[in-house]
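Working notes, structure below.
The values are calculated or read from the model by the stated rules, or taken from the named source; none is laboratory data. The structure displayed is predicted, hence computed values, not measured ones. Here the Cβ positions follow ideal geometry from the backbone for every residue, glycine too, while neighbour counts run over all protein chains shown. Please note that ligands, DNA and RNA were not included when accessible areas were found on the heavy atoms of the full protein model with its side chains. Shrake-Rupley method; radii C 1.70, N 1.55, O 1.52, S 1.80 Å.
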Amino acid sequence: MYAVKVLHGYIGKDGQRTRDKNRVRVFPNKHYAEKFADKIGGRVKMLS
């Protein structure tokens, strides 16, 4: 599972930046996460 990281946080389920890892928007594969990150200027991080 992958999340999109921006500045000092992640993109949450509501589309806002959050620092809480429990509320992040999760992508099932890296391709979808990279496509979204390119649109908003973020980077992809693998969640463990």
The range 1-29, residues that are touching a residue at least 24 places away in the same chain (Cβ under 8 Å) and open to solvent by 100 Å² or more (accessible area, probe 1.4 Å) | Met1, Lys21, Pro28
Any idea how many residues of the range 5-21 are of a type in the set (D, E, K, R) and in contact with a helix residue (DSSP H, G or I) (Cβ under 7 Å, 6 or more places away or on another chain)?
-> 1
Could you check how many residues of the range 30-44 are open to solvent by 70 Å² or more (accessible area, probe 1.4 Å) and within 8 Å of the chain's Cα centre (by Cα)?
-> 1
